[in-house]
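Heads up: the structure comes next, in structure tokens.
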Amino acid sequence: MPVVKLTVNGTRYEEEVPERLLLVDFLRERLALTGTHVGCTFEGVCGACTIHLDGEAVKSCLMLAVQADGHEITTIEGLAGDTLTPLQAAFREHHSLQCGFCTPGILMNMSDFLRENPDPSEDEIRRGLVGNLCRCTGYVHIVRAVKDAARRMRGEA
Amino acid sequence: MFPARIEHYARPRTVAEALAALSRCEPGEAIFLAGGQSAMQAIKSRMLRPQALVDLQAVAELKGITLTGGALTIGAMTRYADIARDARLGGAFGALTDAASHVGDRQVRNRGTIGGSVCWNYVAACTPTAVLATGGRMNLGATSGATRSLAADDFLLGPLETARQDDELLLSVSWDAPAARTGSAYAKWGLVTDALPVIGVGVSVTQDASGKCVQARVALAGLAGGAQRGPAAEVLLMGSAGDAATIDAAFAALAAEADTHSDLSADADYRRQLIQSLGREVAQRAFDRARA
Amino acid sequence: MAATPQDMLGARLPRKEDLRLVTGTGKYLADILLPGMLHAVFVRSEYAHARIRGIDTSEALALHGVVAVYTGIDFKDTVKPMPQPVVQPNLPARYPTFWPLAIDKVKHHGEPVALVIARDKYVAVDAAELVVVDYEELTPVLDPERALEDGSPLVHEEDGSNEIFAMTLTGGLTEEEQQRNADAVERIFQGADIVVKERFRVHRTGITPMEPRGVLCDWNDADGLTAWITTQRPHIDRLALIDLLDIPGEQVRVIAPRDQGGGFGVKAPFYRENLAIAYAARALKRPVRWIESRYESLMNVGQERDQVNYLEVAARKDGKLLALRNRGVADNGVGTTGVYWGFVMPFLGAVEMPNAYTWEAGDVRLRVATTNKASLTPSRAFGHFPTRFAIERAVDMVARRVGMEPSALRRMNLVPSLPYTSVTNEYYDSGDFLRVWDNLMAQVDLPAFRAEQAAARAAGRYLGIGFGCGVELSGVASELLVPMENQPGYGAATVRLDPRGKVLVFGGDAPGGQGHETTTAQVVASLFGIQASDVVVTTGDTGTTPFGSGSIGARAGSYFVSAVAEACGELKDKITRILAHDLQIEASVQHFEFKNGEVVYLGDRSKRKSFRDAVERIIMFPINMPEGEVGGLEYTAFFEAAKPMICFNADCCIVEVNVDTGDFEIRRWVTSEDVGTVINPNIVDGQMHGAIVQGLSNAMFEEFVYDERGQQMSADFEHYKLATAADVPDIEITYATTPCPHTPLGTRGIGEGRPSSVPGALTNAVCDALAPFGIEIAELPLRPNLVWRKLREARGEG
């Protein structure tokens, strides 16, 4: 069995994994990082499993664990430090989540998105969210929170 | 769903290592894994059951966008996100950025590659169509050490089918330096934003100094036969001034002739309508870019 | 946002749930891992309708890591067949008999035929592939109208008919009464100035939650069964498991995980998979888990709507609506789900057809046909998404015929004062429809829009405005729920005070994202004058919570918080009785104020005690008590409203249609809502946003498609398209609330029915835009392809 060496949320791991093990299952079941969710069968459309691979948002259900060898991964559990990030805080404040199942994936995608585009328009935010399905919120409060977080991260009131 | 058993995983660092890894496997036993945004769907659904995976993620020489004297080479492992954000790729290569900017979603664009997409050649896909419209060439290397280069027209054979042999690796997609006053564009229509194209249209045109169209390539996505050229529109665009009336006529002709089908997303007649309305918009944009 | 306890009711408090959910530390069903847990995978039918000639499980069993493989026959004598009373409505119907797995015959694509249990979930899938089922394909029954004709093949042969349910909802209970009513309705139609008659078709779609279903069962001989189930109804699931598996009641505990990834009705039925997994755990004496794949989910659940309504509306030429006559046919699917059986939704849909309008009379009938498709399962806007679409479209058609503004015609026909009983005998308890309507119209400058529309048309652009409204259930009273689902409608809550001044609330319902922890805490905090952070809410565990029929039908804001309020009231009574005794004053609860963490005697504000001390004294130091009082502070209250209750809403939508392609863009969506007293405006806004976008997504994008062989073609998110953020507009929610007079806080249950007015408003807007072409659309999904085809027909090009 191959051995993968990778960093997840700042911790180094060295683990034997079967070749076919999906990265999302490795994270959820081997490392008990269950904040990364699974919402598709094979299609990789819902985005609930989004993580950062070397800082970029990717879907962990469309990768094998062996492919993550040598990489740095951040999951929702590693997004916040001692306090919530401005994006997480904005999600709370604007009631941007209901059941919360899609939320980790959205936070991981949008935190990467805001790094790339610190001053997005509403249209850009909505297009940036295409890879994350949310069934509860109608996206209205999500868009609002991303906009507000962007403003705060740019240092505006 | 979870992948069926996979026996071997290899992560070569060079093209030579990649081809060597492939040649160590029985024919048909191994597949190359590029960005995996389509292949992993197929592996998870068990439509594909590879014994071995040769993961190309670490092959640096397959990555990157090079512009030399106007000629463009995009490494097979270059991601949509990298193509979409490359400011140099306007004008003649506008169709490539148009397509790459709207494939799937952000997460997919952060992983998916141009090479993976053209080699997968899904029945309804943006990248093969944009590459076909812009006249890209596929540069392949074989385990024997041989290399060859195929025009997109000869490479893209049909849905999920290409001219790539099992012992070949796609190295890059390249374009000759475009003639002056060349522009290209691509757009698609899907039921939801950035979905797979129900219809996609790519157009590349070149005008001479007088504004006459001297080169026109039109390609379609979303037909049952996969990415394909639209000669009925091309012949009408050629020689024209790229005026609205000619563009209308060109895509009306293409729509009338196209072998459209009905499925869950749209009926055959509506696909014709989309060819016409999208074609109009895309050709206009291509001419605008040629003139810019 | 530091809300003081007094303004806790109505505060935009950030949710208590969110800290865990934004940090990935929520606990959903799939996050629960037990040592030694086995993994289950169902083998599902590849055919819509086929006889099972044989099943060979030998290869699967031989695979290393496989623990067991079950087929239908294993359950035949060990599990009672459905139906069983606990999950069977008190409505006369042809209830199909079935077991957890198919026996002899498969009746829809995706029906479970075998169950594989393995030590590893990847191996379980490997083994499932090795189960060989020998099928003999039969002709599938796919068209509900043809299914009801004589000579149709039968889905459930023993029933002798595909008509699972039929009912006349108007006129009375006897056939004579119903005929008399039908004759009277016919006379109104004969004398009417205007009759609109149309076949309205709404496709198969529903509200797929992001978290699929799942079950984790653990068995030991001493304690019996503990089942974690993604469910809106843990107490009902528990009773069903007890009855069907014949396990003593004390040995079954069902836990709905605290975090559930949405329900929307999909997690309300009792499913055969739950039974199969519980059975396996008992047989193997090991924890067994099944996590539904998205494929299985889209294959089996979340499919609703799917009705044809032949609706006729009679009206006067001044716009007064007179009578409606409807013949509904619903496609029930196979009907093998407990509690709902497919037809309970269309039943309620027919009841809700008259909506908020006054009708002199109505003749509403429904027939429900069994077909070889997945069973209809509940989805938000339970049953009435199609009937509401039909009525809202028909009202616009009448308006166009009489040359009135559809909004004016609606206002003219709204029920002017409540209470009111509809022609289908639905009771509307309270509210002010006209005020809600006028508030909506105040958001929209209609004359300015008409001017803009005219100018745009002159320039070749097509704008349209559409309206819709909806009377929705606010909880489901026992009066309705006992006949409809054989369950009580009351709300139940246990409120337990803690010696440290904290409050624990226990409820038997099982939310899936509605924010009950927060709203409940706000109610408790406002009543006890403490902080919401002092309140902990536990739901969904039958081992610790009082009986509740589940998180369904907008029960939380109506019934559950009312039970919470009543329990708090009882406890306040006791606290003040004892405090008055201690202070040696003659006073009762109304002479005290619970404020800022203190209990204050209003007659002399120096006489006060901290809430914590007052509570601790009663729980921990029950000496020197008043005559007849004992210590302890815990109360379970049951709340039942005397009559069913409602909430009301109205929508306005503005669209622009591209008449070349049929593409349309929603430029504005604004609403007006009567939700009663608001506990947390953020949460109410969020409920409305979500419901409206669900309505739009159902109306425009989502569709479950079966091909001519009954193969389900839309079982992944590439083919079953949900709206993304880029596909839907911003939504403006406005309020015109009337407190509900029948609940202690004036609250109403909200959100459940809310999607139902959406497709009508949307389609009305598109048809308004296309009025110059005379286009009336009577079917969903409303996609550019359809609009384009209608335009072609209108231009004579079709």
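Does residue B:108 fit the bill of being under 20 Å from residue C:718 (Cβ atoms) and not assigned by TED's automatic domain parsing to the domain that holds residue B:286? Steps first, answer last, please.
Numbers: under 20 Å from residue C:718 (Cβ atoms): yes; not assigned by TED's automatic domain parsing to the domain that holds residue B:286: yes.
In short, yes.
Might you check whether a residue that is more than 7 Å from every other protein chain (Cβ to nearest Cβ), more than 17 Å from the chain's Cα centre (by Cα) and in a loop (DSSP other than H, G, I, E, B) occurs anywhere in the range A:120-128?
Let us first name the residues in the range A:120-128 that are more than 7 Å from every other protein chain (Cβ to nearest Cβ), namely A:120-125.
Among the residues that remain, those that are also more than 17 Å from the chain's Cα centre (by Cα) are: A:120-124.
Those left that are additionally in a loop (DSSP other than H, G, I, E, B): A:120-121.
Within the range A:120-128, one or more residues are more than 7 Å from every other protein chain (Cβ to nearest Cβ), more than 17 Å from the chain's Cα centre (by Cα) and in a loop (DSSP other than H, G, I, E, B).
Answer yes or no: is there a residue in the range B:90-100 that is farther than 27 Å from residue B:14 by Cβ, over 12 Å from the mean Cα position of the chain (by Cα) and modelled with pLDDT under 95.
yes
Considering the range B:132-149 alone, what residues qualify as being closer than 19 Å to residue B:177 by Cβ, hydrophobic (A, V, I, L, M, F, W, C) and without any contact (Cβ under 8 Å) to a residue 60 or more places away in the chain?
Answer for the range B:132-149, where residues must be closer than 19 Å to residue B:177 by Cβ, hydrophobic (A, V, I, L, M, F, W, C) and without any contact (Cβ under 8 Å) to a residue 60 or more places away in the chain: just B:138.
Kindly indicate the residue of the range B:249-266 that is crowded, with 16+ Cβ neighbours inside 10 Å and within 23 Å of residue B:291 (Cα to Cα) and also nearest to the chain's Cα centre (by Cα) among those meeting that condition.
B:251
Tell me, please, whether a residue that is touching a residue at least 40 places away in the same chain (Cβ under 8 Å), closer than 30 Å to residue C:797 by Cα, within 14 Å of chain A (Cβ to nearest Cβ) and crowded, with 18+ Cβ neighbours inside 10 Å can be found in the range C:673-687.
Taking every residue of the range C:673-687 in turn, none turns out to be touching a residue at least 40 places away in the same chain (Cβ under 8 Å), closer than 30 Å to residue C:797 by Cα, within 14 Å of chain A (Cβ to nearest Cβ) and crowded, with 18+ Cβ neighbours inside 10 Å.
Can you find, within the range B:233-274, the residue that is nearest to the other protein chains (Cβ to nearest Cβ) among those that are of a type in the set (D, E, K, R) and part of a helix (DSSP H, G or I)? Write out each step before concluding.
Going through the range B:233-274, the residues of a type in the set (D, E, K, R) turn out to be B:234, B:243, B:248, B:257, B:259, B:263, B:267, B:269, B:271-272.
Next, from what is left, pick out any that are part of a helix (DSSP H, G or I): B:234, B:248, B:257, B:269, B:271-272.
Values: B:234: 23, B:248: 11, B:257: 18, B:269: 8, B:271: 9, B:272: 11 Å.
Top of the filtered list is B:269.
Just to verify a result, which residue in the range B:1-31, among those that are at pLDDT 95 or above and farther than 20 Å from residue A:1 by Cα, is nearest to the other protein chains (Cβ to nearest Cβ)?
Across the range B:1-31, the extreme among qualifying residues is B:13.
Give the residue that is farthest from the other protein chains (Cβ to nearest Cβ), with candidates limited to residues of the range A:131-153 that are among the β-branched types (Val, Ile, Thr) and buried (at least 24 other Cβ atoms within 10 Å of the Cβ). Lay out the reasoning, then the answer.
First pass over the range A:131-153, keeping only residues among the β-branched types (Val, Ile, Thr): A:137, A:140, A:142-143, A:146.
Applying the additional criterion that residues be buried (at least 24 other Cβ atoms within 10 Å of the Cβ) yields A:137, A:140, A:142, A:146.
On the way: A:137: 5, A:140: 4, A:142: 7, A:146: 10 Å.
Top of the filtered list is A:146.
Could you tell me whether any residue of the range A:48-67 is in a helix (DSSP H, G or I), more than 24 Å from residue B:34 (Cβ to Cβ) and among the aliphatic types (A, V, I, L, M)? Step through it out loud before you land on a result.
Of all residues in the range A:48-67, those in a helix (DSSP H, G or I) come to A:60-62, A:65-67.
Okay, now just the ones that are also more than 24 Å from residue B:34 (Cβ to Cβ), so none.
No.
Quick check: anything in the range A:70-90 out of contact with any Gly (no Cβ under 9 Å at 6 or more places or on another chain), over 28 Å from residue C:682 (Cβ atoms), part of a loop (DSSP other than H, G, I, E, B) and outside the structural domain of residue A:129 (by TED's automatic domain parsing)?
Looking through the range A:70-90, at least one residue is out of contact with any Gly (no Cβ under 9 Å at 6 or more places or on another chain), over 28 Å from residue C:682 (Cβ atoms), part of a loop (DSSP other than H, G, I, E, B) and outside the structural domain of residue A:129 (by TED's automatic domain parsing).
Give the residues of the range C:263-292 that are crowded, with 22+ Cβ neighbours inside 10 Å, of a type outside the set (Phe, Trp, Tyr) and under 23 Å from residue B:45 (Cβ atoms), sorted by residue number.
Listed by number, the residues that qualify are C:273, C:289, C:292.
Report yes if residue A:106 is within 14 Å of chain B (Cβ to nearest Cβ), on the phi < 0 side of the Ramachandran plot and among the aliphatic types (A, V, I, L, M), otherwise no.
On the way: within 14 Å of chain B (Cβ to nearest Cβ): yes; on the phi < 0 side of the Ramachandran plot: yes; among the aliphatic types (A, V, I, L, M): yes.
When the stated conditions are applied, residue A:106 passes them.
With respect to the numbered conditions (1) within 14 Å of chain A (Cβ to nearest Cβ); (2) out of contact with any Asp or Glu (no Cβ under 6 Å at 6 or more places or on another chain); (3) not in a helix (DSSP H, G or I), which one is the sole condition not fulfilled by residue C:775?
With (1) within 14 Å of chain A (Cβ to nearest Cβ); (2) out of contact with any Asp or Glu (no Cβ under 6 Å at 6 or more places or on another chain); (3) not in a helix (DSSP H, G or I) applied to residue C:775, the lone miss is (1).
I'd like to check something: does the range A:31-44 contain any residue that is under 16 Å from residue C:121 (Cα atoms), touching a Phe, Trp or Tyr at 6+ places or on another chain (Cβ under 6 Å), free of Cβ contacts under 8 Å to residues at least 12 places away in the same chain and facing chain C (nearest Cβ under 8 Å)?
Yes, the range A:31-44 has at least one match.
Show the residue pairs meeting these rules: Cβ distance below 6 Å; 6+ apart or different chains; first residue within the range C:435-449 and part of a helix (DSSP H, G or I); second residue of a type in the set (Lys, Arg).
Hits for this filter: C:437/C:411.
Based on this model, can you work out whether residue B:43 counts as in contact with a Pro (Cβ under 7 Å, 6 or more places away or on another chain), within 13 Å of another protein chain (Cβ to nearest Cβ) and buried (at least 23 other Cβ atoms within 10 Å of the Cβ)? Give the steps one after another, and end with the answer.
On the way: in contact with a Pro (Cβ under 7 Å, 6 or more places away or on another chain): yes; within 13 Å of another protein chain (Cβ to nearest Cβ): yes; buried (at least 23 other Cβ atoms within 10 Å of the Cβ): yes.
Criteria met by residue B:43.
Output the number of residues of the range C:58-82 satisfying the condition of being within 26 Å of residue C:157 (Cβ to Cβ) and either out of contact with any Ser or Thr (no Cβ under 8 Å at 6 or more places or on another chain) or surrounded by 19 or more Cβ atoms within 10 Å (Cβ to Cβ) (or both).
We begin by selecting, within the range C:58-82, every residue within 26 Å of residue C:157 (Cβ to Cβ); these are C:70-82.
Adding the requirement that they be either out of contact with any Ser or Thr (no Cβ under 8 Å at 6 or more places or on another chain) or surrounded by 19 or more Cβ atoms within 10 Å (Cβ to Cβ) (or both) leaves C:70-80, C:82.
Residues meeting the conditions: 12.
Would you pick out the residues in the range C:304-339 that are under 16 Å from residue C:269 (Cα atoms) and either among the hydroxyl-bearing types (Ser, Thr, Tyr) or out of contact with any Ser or Thr (no Cβ under 6 Å at 6 or more places or on another chain) (or both)?
C:336, C:337, C:338, C:339
Just checking, which of C:20, C:94 is closer than 30 Å to residue A:76 by Cβ, at pLDDT 95 or above and not in a strand (DSSP E or B)? Steps first, please.
Working: C:94 fails: closer than 30 Å to residue A:76 by Cβ.
Selected residue: C:20, the only one of C:20, C:94 that is closer than 30 Å to residue A:76 by Cβ, at pLDDT 95 or above and not in a strand (DSSP E or B).
In the range A:68-79, which residue that is crowded, with 24+ Cβ neighbours inside 10 Å and away from chain C (no Cβ under 12 Å) is nearest to residue B:2 (Cα to Cα)? Before the answer, list the steps.
Filtering the range A:68-79 for residues crowded, with 24+ Cβ neighbours inside 10 Å gives A:68, A:73, A:75-76.
Narrowing further to those that are away from chain C (no Cβ under 12 Å): A:68, A:73.
Numbers: A:68: 17, A:73: 21 Å.
Step by step, filter the range A:68-79, then rank; the result is A:68.
Scan the range A:50-67 residue by residue and report those that are within 22 Å of residue B:53 (Cβ to Cβ) and either more than 9 Å from every other protein chain (Cβ to nearest Cβ) or not hydrophobic (A, V, I, L, M, F, W, C) (or both). Steps first, answer last, please.
Filtering the range A:50-67 for residues within 22 Å of residue B:53 (Cβ to Cβ) gives A:51, A:53-54, A:56, A:58-67.
Within the range A:50-67, A:51, A:54, A:56, A:59, A:60, A:65, A:67 meet the criteria.
When you look at residue C:556, is it farther than 20 Å from residue C:235 by Cβ and of a type in the set (Gly, Ala, Ser), yes or no?
The answer is no for residue C:556.
Which residue, of B:58, B:95, B:71, is surrounded by fewer than 23 Cβ atoms within 10 Å (Cβ to Cβ), among the small types (Gly, Ala, Ser) and either touching a strand residue (DSSP E or B) at 6+ places or on another chain (Cβ under 8 Å) or more than 10 Å from chain A (Cβ to nearest Cβ) (or both)? Working first, answer last.
Details: B:58 fails: either touching a strand residue (DSSP E or B) at 6+ places or on another chain (Cβ under 8 Å) or more than 10 Å from chain A (Cβ to nearest Cβ) (or both); B:95 fails: surrounded by fewer than 23 Cβ atoms within 10 Å (Cβ to Cβ).
That would be B:71, the only listed residue that is surrounded by fewer than 23 Cβ atoms within 10 Å (Cβ to Cβ), among the small types (Gly, Ala, Ser) and either touching a strand residue (DSSP E or B) at 6+ places or on another chain (Cβ under 8 Å) or more than 10 Å from chain A (Cβ to nearest Cβ) (or both).
I'd like to check something: does the range C:307-314 contain any residue that is modelled with pLDDT of 95 or more, in contact with a strand residue (DSSP E or B) (Cβ under 7 Å, 6 or more places away or on another chain) and among the acidic types (Asp, Glu)? Show your work before the answer.
Taking the range C:307-314 as the starting set, the residues that turn out to be modelled with pLDDT of 95 or more are C:307-314.
Next, from what is left, pick out any that are in contact with a strand residue (DSSP E or B) (Cβ under 7 Å, 6 or more places away or on another chain): C:307-314.
Keeping just the survivors that are among the acidic types (Asp, Glu) gives C:312.
Checking the range C:307-314: at least one residue is modelled with pLDDT of 95 or more, in contact with a strand residue (DSSP E or B) (Cβ under 7 Å, 6 or more places away or on another chain) and among the acidic types (Asp, Glu).
I'm told residue B:278 meets every condition in (1) at pLDDT below 95; (2) over 29 Å from residue B:68 (Cα atoms) except one. Can you identify the failing condition by its number?
Checking residue B:278 against (1) at pLDDT below 95; (2) over 29 Å from residue B:68 (Cα atoms), the one that fails is (1).
Which condition number does residue C:714 fail, the rest of (1) buried (at least 24 other Cβ atoms within 10 Å of the Cβ); (2) more than 18 Å from the chain's Cα centre (by Cα); (3) hydroxyl-bearing (Ser, Thr, Tyr); (4) under 30 Å from residue B:268 (Cβ atoms) being met?
Unmet condition: (1).
The values are calculated or read from the model by the stated rules, or taken from the named source; none is laboratory data. In this text the structure is predicted, and so the values were computed from the model without any measurement. Here Cβ is always computed from backbone atoms with ideal geometry, including for glycine, and neighbour counts include all displayed protein chains.
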